[in-house]
Amino acid sequence: MTCARYVIIFSFVLFTFYPFCESKALTIDKSLPQFTLNLDDDSSTQKYLGLKNKKSFSISHIQAKLILVEVFSLYCPICHKQAPIANKIYKYIQQNPELSKDIKVIGIGAGNNQREVGVFRETFRIPFPLFPDPDFVVHKKLGEPRTPTTILTTKNGKILSVHHGVIEDMEGFVLKIKNIHAQQ
């Protein structure tokens, strides 16, 4: 058996049998910790996020009222179940003119390098920007939430919603996003 297979099997066992725990740091009405993400030279990502000539950025730089942050890992089987749901939520936002101008979606690969993020993007056909966090720097600042975790925050970092695990009720979650958007 190759080393990669051992890693995948170990990751499956870890994420399947490790008790699910929610991050204490991520609670509604608290502030999202400050962190920066590195941008590659992908002009479509820069255009989508409204970033010009930047090598790195923080949430406050994104040109949107609300930012939906999906924290994932390539080696998390629960994230594999969440990926198609995240894609549908992104598609719904993009197809709604009111929401698409005010809400941007990004993903952060906890413990994933650029190659692993690329594999996740290709495997699950992720249409929104994904950013690596290979040394868990951002993940630690977020309070080390279990993956997947979905966070809805304002541009200024006020946390409006936190969902740990697979979003089972996508319609209800989208309705929640719409209601929060209407209040902003």
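The values are calculated or read from the model by the stated rules, or taken from the named source; none is laboratory data. All values reported here derive from a predicted model rather than from experimental measurement. Note that each Cβ is placed from the backbone with ideal geometry, even for glycine, and that neighbours are counted across all protein chains shown. Please note that ligands, DNA and RNA were not included when accessible areas were found on the heavy atoms of the full protein model with its side chains. Shrake-Rupley method; radii C 1.70, N 1.55, O 1.52, S 1.80 Å.
Points worth noting:
- Considering only Leu66, Leu32, Leu51, the Gaussian network model of the chain with Cα springs below 10 Å gives its largest mean-square fluctuation to Leu51.
- Taking only Cα atoms of the stretch 126-170, radius of gyration then Dmax in Å: 11.8, 32
- Straight-distance crosslink candidates among lysines, where the alpha carbon sits under 26 Å from Lys55 and sequence neighbours closer than 8 are dropped: Lys47, Lys65, Lys101, Lys104, Lys140, Lys141, Lys155, Lys158
- Rg/Rh for the chain, where both radii come from Cα atoms and Rh is the Kirkwood radius: 0.94
- Taking only protein heavy atoms and a 1.4 Å probe, the accessible area of the chain is 54% carbon and sulfur.
- Over the stretch 78-128, equivalent-ellipsoid semi-axes from the Cα gyration tensor in Å: 22, 12, 9
- Alpha carbon centroid spacing (whole Å) that separates the stretch 96-119 from the stretch 123-184: 9
- Over the stretch 26-78 - Rg/Rh using Cα atoms and the Kirkwood inverse-distance radius: 1.01
- Options Val71, Phe128, Ser58, ranked by Cα towards positive dipole end of the chain, top entry (Cβ charges): Ser58
- Cα-only Debye scattering, the stretch 80-162: base-10 log of I(q)/I(0) at q = 0.27 Å⁻¹: -1.46
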